[in-house]
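See structure below.
The values are calculated or read from the model by the stated rules, or taken from the named source; none is laboratory data. Quick caveat: nothing in here was measured; it's all calculated off a predicted structure. Positions of Cβ are backbone-derived with ideal geometry, glycine not excepted, and every protein chain shown enters the neighbour counts.
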Amino acid sequence: MEAGRSQSGVASGPELVFVLPAYNEEKNLPRLLDDLASRTELMKRTYRVVIVDDGSQDSTAAIVDAYEGPVPVEVIRLGENKGPGEAFRVGFDAALQTCADDALIVTLESDSTSDLDALPSMLARAEQEADLVLASWLMQNVSARRRFLSAAAGYVVRKMLHLEATTVSSFFRVYRATILRRGLAHYGDQLVQERGFACKAELLAKLTAVGARVEEVEVDLDWTRRTGKSKMPVVRTMLCYWRMIVRLRSSRATAPA
C-alpha cells in the first residue's frame, strides 16, 4: 500500500512509525497492542510499530513474535538491558532508515500508561507547524512523592537549559522525521548520550537548539493502567539529569560564536 494513503486511496496523512522501548513488559504489551488495534484513525494511515526489547528477562520479545493481530509490529532485540536512551537511539535509526521526510515518529511507554485518546490532537499539531509535540502530563493516581520529584526535576531542567516546555521527560511524543534527521546531522552519534530516563530531556534540549518548533498537548497519565511497577530509578535519574545539564551547558559555553 502506498505510504500516506488509506485502503480507499484517499490521502490520509503522513506515515506513522511508533517507536516503543520495552523492558519486561509481557503483562502490558498485549493490552497496548489491543489499544492500538482499536484506534480507527490508525487504520486510515500507513503505520508500523517498532518494539525495542531492552534486554527483557521475560517473554516481551516472544509476545511480539507471536502476535497475529492487525497491528503491523516488529521487534528489535538489544540482548541486554541498556536503558531507554539506547532503545530510542536504535528505534529512531530503524524508523529513519525507510520513512519519508514527512513521516511522523511517535514514541510512548510500553506499559500502556499513555492515553492514546490524545494521539489525534498530537498528530494534528505535528501535521501543521510543530516539529515536536509533547504530552504535557495531567497526573492521575500518581503518588505525591513522585509528583513532587517530577515537578522539581522539570523545574530545574527548564530553568538551567532555558526550555519553555511544561513536561520535559514524557516518553509520549510525536516527532517529525525531518527534525530528528536535522538533529542527527548536527549531533551525529551524540544526539542521544544519556542511556537512562534523562534521555528525553536531552533530546528536547538538543532538538530545540537546532530550531525545533515545540508544542504541547495535555494528556492524562494514569498509573493504574499499568501492571507492575515503574522502571524508572528515581535517585539515579535525578543524578543523570544533573550530569546532562552540566554537559549541555558546558558544550554551549565552549561552542564557537
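Hand me the list of helices (runs of 4 or more DSSP H) wholly inside region 11-72 holding 1 or more residues that are of a type in the set (S, T, N, Q). Before the answer, list the steps.
Values: elements: 29-37, 40-43, 60-66.
Fully inside region 11-72 and qualifying: 40-43, 60-66.
If the Cβ limit is 6 Å and pairs must be 6+ apart or interchain, which residue in region 18-30 that is without any contact (Cβ under 8 Å) to a residue 40 or more places away in the chain and on the phi < 0 side of the Ramachandran plot pairs with which residue that is of a type in the set (Ser, Thr, Tyr) and surrounded by fewer than 21 Cβ atoms within 10 Å (Cβ to Cβ)?
Short answer, once both residue conditions are applied: 26/59.
Those residues that are among the basic types (Lys, Arg), part of a loop (DSSP other than H, G, I, E, B) and either within 16 Å of the chain's Cα centre (by Cα) or modelled with pLDDT of 95 or more (or both), I need them from region 188-229; list them, please.
195, 213
Of the conditions (1) modelled with pLDDT of 95 or more; (2) farther than 19 Å from residue 213 by Cα; (3) among the acidic types (Asp, Glu), residue 131 clears all except one; give me its number.
Condition (2) is where residue 131 drops out.
Filter region 47-70 down to the residues that are closer than 21 Å to residue 104 by Cα, touching a strand residue (DSSP E or B) at 6+ places or on another chain (Cβ under 8 Å) and surrounded by fewer than 21 Cβ atoms within 10 Å (Cβ to Cβ) and list them by number. Reasoning before the result, please.
Here is the first cut: in region 47-70, the residues closer than 21 Å to residue 104 by Cα are 47-52, 70.
When the remaining residues are screened for being touching a strand residue (DSSP E or B) at 6+ places or on another chain (Cβ under 8 Å), the result is 47-52.
Hit for region 47-70 is 48, nothing else.
Within region 1-39, track down each residue that is β-branched (Val, Ile, Thr) and at pLDDT below 85. So that I can check it myself, show each step before the final result.
Pass one, region 1-39, residues β-branched (Val, Ile, Thr): 10, 17, 19.
Once the filter is applied, which keeps residues that are β-branched (Val, Ile, Thr) and at pLDDT below 85, region 1-39 yields only 10.
Yes/no per residue for (1) assigned to a strand (DSSP E or B); (2) more than 18 Å from the chain's Cα centre (by Cα); (3) at pLDDT 70 or above; (4) not acidic (Asp, Glu):
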position	(1), (2), (3), (4)
152	no, yes, no, yes
166	no, no, yes, yes
171	no, no, yes, yes
186	no, yes, yes, yes
231	no, no, no, yes
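Quick test for you: out of 80, 26, 74, pick the one residue that is within 29 Å of residue 202 (Cα to Cα), surrounded by 16 or more Cβ atoms within 10 Å (Cβ to Cβ) and among the charged types (D, E, K, R).
Numbers: 80 fails: surrounded by 16 or more Cβ atoms within 10 Å (Cβ to Cβ); 74 fails: surrounded by 16 or more Cβ atoms within 10 Å (Cβ to Cβ).
That would be 26, the only listed residue that is within 29 Å of residue 202 (Cα to Cα), surrounded by 16 or more Cβ atoms within 10 Å (Cβ to Cβ) and among the charged types (D, E, K, R).
Can you pull out the residues in region 94-118 that are out of contact with any strand residue (DSSP E or B) (no Cβ under 6 Å at 6 or more places or on another chain), farther than 19 Å from residue 204 by Cβ, in a helix (DSSP H, G or I) and not β-branched (Val, Ile, Thr)?
97, 116, 117
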